[in-house]
1. Would you tally the net charge around Gly479, using a Cβ to Cβ cut-off of less than 10 Å, leaving Gly479 out, and scoring K and R as +1, D and E as -1?
2. When N is the residue count of region 113-180, what does its C-alpha Rg come to as a fraction of 2.2 N^0.38 Å?
3. What relative contact order, as a whole-number percentage, does region 171-278 give when Cα pairs under 8 Å and 6 or more residues apart are counted?
4. Normalized C-alpha radius of gyration of region 400-547, against 2.2 N^0.38 Å?
5. Viscosity 0.692 mPa s, temperature 37 °C: Stokes-Einstein D of region 222-320 from its Kirkwood Cα radius, in µm² per second?
6. Would you mind classifying region 19-232 by shape? Square roots of the alpha carbon gyration tensor eigenvalues, ordered a ≥ b ≥ c; an a/c under 1.5 is rounded, otherwise it is prolate if a/b is larger than b/c and oblate if not.
7. I'd like to compare 38-45, 486-493: which one has the highest average count of other Cβ atoms within 10 Å, and what's the full order after that?
8. Could you calculate the contour length gain from Arg335 to Ala611, that is, 0.36 nm times the residue separation minus the distance between their Cα atoms, to one decimal place in nm?
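Nothing in this text is a laboratory measurement; each read-out follows from the coordinates by a stated rule. Model, not experiment: these values are computed from the prediction. In this analysis, Cβ positions are derived from the backbone assuming ideal geometry, glycine residues included, and neighbour counts consider all displayed protein chains.
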Amino acid sequence: MPAPLVPATPAFEADGTPYSPLFDDIFHSREGGPAQARHVFLGGNGLPGRWKKKSRFTILETGFGIGLNFLAAWSAWRDDPDGPAKLHFVSIEKHPFSATDLARLHARHPEFAALSSELCAAWPMLVPGFHRLEFEQGNVVLTLCLGDVATVLPQLRLSADALFLDGFAPARNPDMWSSSALKLVGKLAAQNATFATYTAAASVRDALGAAGFEVRKVPGYASKRDMLCGRYMRPGSAPAAPSQRRALVIGAGLAGGAVCERLAARGWELDLVERAPGPAQEASGNHAGAFHPLVTIDDNVMAQLSRAAFCHALRQWPTLDGVSWSRCGVLQMPRTEEESRGQSKALAALGYPPSYASLVSRDEAAAKAGIEVTEGGVWFPSGGWMQPATLVRAFLEKAKPRLHFGTHVDRLERSSQGWLARDVAGNPIAEAPIVVLANADDALRLAPSTFATVRRVRGQVSYLPAAKVPPIRAVLLRGGMVLPATQGVAVTGASYDVEDNDPNPRLDSHVGNLERLARILPECIGQLDPLTLEGRVGFRAVTRDRLPMVGSLSDDPQSAGLQGAFAYGSRGILWCGLMAEVLASRLEGDPLPIEARLAKAVDAGRFERRARPG
C-alpha cells in the first residue's frame, strides 16, 4: 500500500528563496532558480545540443520540486527549431505542491508565466501514482510520479537520454542519493546517457561511479564552486521504436476507439474494422454509465489501476469534442456495517485529498445528492456519468482511421505486411504490421490461447422515465447504480448474468434492477412497473482475474505484432483511455504511463507466462 502523500507547504527564506521545512533546505540556488536550471541541468547534459533533430528525447529527473527544471527544458524545446519531435520528461516527487501553491511559487519567475499557467491548469489531484500530462499537442509529455524515489525507481520503464539528479542536499536527503537509488538510475539510462547534478559530494561521486557513470567535476552555478556531470559508460537500455506506424484495429467500441486516438496522436496510419454498421453498437452503446475510482483498505491492483485511469480520464476527456459527460459526483453507500467500517478504515489509512474521495455522513450525502438517502458513504466529487457512444465518436473524429463498418473479420493470417484480415468469403479487408484486437469476448476467437479465457457476461440496464425518479444530482451506488436523468432517461442496473447469451431485454432482469434500485431509492419503487420499462443489453468480457488484456498476446514469434486491448469488464468507460496509452507507449517505446507492476498485471500475455514451468 502506498503511503499517503504529504504535500509540500510553501515557505521562504528572508530573501524569498523557496525553502522546505521538511528537509531544512532550499529548492534552488539563492542566485536564481531558472539560471541554475539552465547552467546545471541543461548545460551539464549538453542541452539543447544533444537533442538536435532527434525523433524523441527522454529526461529523467529525481526531484520535481517546484518544477523549474521542467519549465526550463520545455522553454528550451520551444525555442529550438531543431529540437526533438517529442520530449518526454519523467519526474519523481514525494512531496508535491498543490496547483495553487505551485502557481504562487512560479509567480517569482515571470519568464515562465505562460508555461506555468499551462502546467498549473493541468496539475493532477495529489494522489499516489503516475500522472501523464501532455502539452504542445502531445509533443511535450510530463510523467509526474508521485511517491518516494526508492519506491518509484523500480517501477519505471523507460530509457533516459539525460538525467537531472536534483534532490535536496545529500546530507539532508540521503535516500535520494543512496548507492541503491543511483544504481537504479543507471539501469534506466540509455546508451551514452548523460547526467548532471548541482552537488559535488564525494559520496555521490563514488556512488555514481559504482553505478556505471563516468563522473567529472566542473564549475558549479554562481557561488557554488563545483558540480558533477558525466556519461553512462555501460550498455544502456534502448527503446524499441516501430519501423512502420501502421495498425489494424478490430472493434469500434470504447477500447478500439481509444486505441485509434492514442496511436493516431503518434502519427500512426489506421484501419478500423467493426462488424456492426457503426461505432459503439454493442456494450459501448448504453445510454449512460457511471465512472469513479475504487477505494479498498489494501489499495490493491484494481484500486490502483482505477485511480490511475480515473485521473487520466479527467485530463483526457476535456480535450475531446462532443463528449456528453458530467462530473456531478458519485456517492458509494455501504451495503453492510462491515462495509461501512471498511470505507472508514480505508480513507483514514490512505489519506486522500477531499478532491478525490472523502467520507460523508447521511446528511452531507443528502445535500450533495439533492434528495434524502439511506446512508452516507464515500463521496467522489469528480466522479459522474458519461454517455459512452459520444466518447467513442470523439475518439474516432480525432483519430480519423479508415473505417470498415459492417465488416466481420473471419480470420487473421500472416502476410508479407505482417497481418491480413479476411472476411467470411475469404476476401481481404485490411493489412498491417500490427493488429490490435479490441473486440471484447470475440478477441480470442481470432487469437486462440491455451492459457487465457474470457467469460461473456450479460448486463442489462433499465431505462427509467425521468418523471418517475426523484431529481437526483449525483450518481448513487449501493450494490447497483442509478444515474441522474439525461435526455429524459435515468439509468439503473445492471444485471450480471454469466454464460447468458440472450441479447434482448427481459422482465426478470428489469425486476432484478428494480430490486437493486430499492436499496438506493426505496421511495420510487412503487411508481415503477417492470412490465413497462425499456432497457438495453450489453455483454461484458471478463478475465478470471477481472483485469484487462493489454499488449502482446504471446511471446511466440509467430504471434509478433498481435496485440490486445479488451476484457474491460464493466469498466470500459474508465479504463479505455489509460489502457490505450499503455498499449501505444509499449508500441512506440515511450516511457510507460503506469507502474511496471500495474503494466504487468494487465499484460495480455500474463496467463501464458504464469503457465510456464519454473
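1. +2
2. Cα Rg divided by the expected 2.2 N^0.38 Å: 1.30.
3. Computed value for region 171-278: 24 percent relative contact order.
4. 1.38
5. Translational diffusion coefficient: 181 µm²/s.
6. rounded
7. Result, highest mean Cβ count within 10 Å first: 38-45, 486-493.
8. Once the chain is fully extended between Arg335 and Ala611, it gains 95.6 nm.
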